[in-house]
Amino acid sequence: MAAMPAKSKPPQDQPAGEPHYHGHRERLRERFYSAGPDALTDYELLEMALFAAIPRRDTKPLAKALIKKFGSFAEVIHAPEARLREVEGIKDASVHQLKLIAAGADRIAKGEIKKSIALSSWQEVIDYCRSSMAFADKEQVRLLFRDKRNQLIADEVQQVGTVDHTPVYPREVIKRALELSATALILLHNHPSGDPTPSQADIQMTKAIIDIAAPLGIAVHDHIIVGKSGYASLKGMKLV
């Protein structure tokens, strides 16, 4: 009788019967904690984010597929649920995990803005805007209302529109500012196309709000447009 071929032995760092990706997960965790998150690529960080949602499967191929489709970690977690589900292997648990991370990132960014009494760091404002709006699939207009001490009173989404248009009513914006006793505001909105270049309609709308606000003692400090490729400040561009 012919001799049976010897069974191959598992790698030394992988116990017999343990899936191959378990050792990889441990090595990834060790690198995360020893070298820090900056040592990991976007897809590796995404792999780790999916560990809890997919405990019994290698998450590397799925993480790479998501990065290939959307471009970056931030774009993946902020991608619309319907588009996430287009990727083979994405189920409810994965969608919930990614959206939880996105919500956490937005909450942290919002908290940093609220801690900044004078909102003196424009980079904090920009980071918050991009985190909360840049990757949305529909246009939305957001308003940051401030009091006479430059403290943030409220952060509100005023309108949500389509992929390339959001109706904004200047009198409604000022009405809300008066309700909150705000003395200043910052307008924010996103361009789902990715290009933050302001349109003529954006400029005209901003000027209309400024014209109504000024006689009431309400300052419009800026209108910031964010997109995947960056941001534009109408004040910085001397358009208002």
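At 1.306 mPa s and 10 °C, plugging the Kirkwood radius over alpha-carbon pairs of region 21-105 into Stokes-Einstein gives what diffusion coefficient in µm²/s? D, rounded to a whole number, is 123 µm²/s. Computed from the Cβ-Cβ distance with R0 of 45 Å, the FRET efficiency linking Val87 to Glu124 stands at 0.90. Multiplying the residue separation of Asp195 and Met237 by 0.36 nm and removing their Cα-Cα distance gives an extension gain of 13.6 nm. If R0 is 35 Å, the Cβ-Cβ spacing of Lys138 and Ala219 corresponds to a FRET efficiency of close to 0.75.
Here the spin labels are modelled as points 7 Å beyond Cα on the Cα-Cβ line, and at Asp106 and Ser72 they lie 1.8 nm apart. Can you compute the label reach from Leu180? Point 7 Å from Cα along the Cβ direction, backbone N cut-off under 19 Å, restricted to region 209-228. Under 19 Å, as judged by backbone N against the label point of Leu180, lie 209-226 of region 209-228.
Using +1 on the beta carbon of Lys and Arg, -1 on that of Asp and Glu, and nothing else charged, what's the dipole of region 119-233 about the Cα centre, debye to 20? Walk me through the numbers on the way to the answer.
Numbers: 11 positive and 14 negative charges, 53 e Å.
About 260 debye.
Excluding Phe32 itself, calculate the net charge of residues whose Cβ lies under 14 Å from the Cβ of Phe32, where each Lys or Arg counts +1 and each Asp or Glu counts -1. With Lys, Arg at +1 and Asp, Glu at -1, the neighbours total -2. Taking the Cα of Arg27, stepping 7 Å toward and past its beta carbon, and measuring to each backbone N in region 42-66: which are under 16 Å? Of the residues in region 42-66, 44-45, 47-48, 58-61 have backbone N under 16 Å from the label point off Arg27. Legend: distances between Cα atoms for Lys138/Lys207; Lys69/Lys207; Lys68/Lys207; Lys175/Lys235; Lys64/Lys235; Lys68/Lys238; pairs beyond 32 Å are Lys69/Lys207; Lys68/Lys207; Lys64/Lys235; Lys68/Lys238.
Values in this text are rule-based calculations from the coordinates and carry no lab data. Model, not experiment: these values are computed from the prediction. FYI the Cβ positions are ideal-geometry reconstructions off the backbone, even for glycines, and counts take in every protein chain you see.
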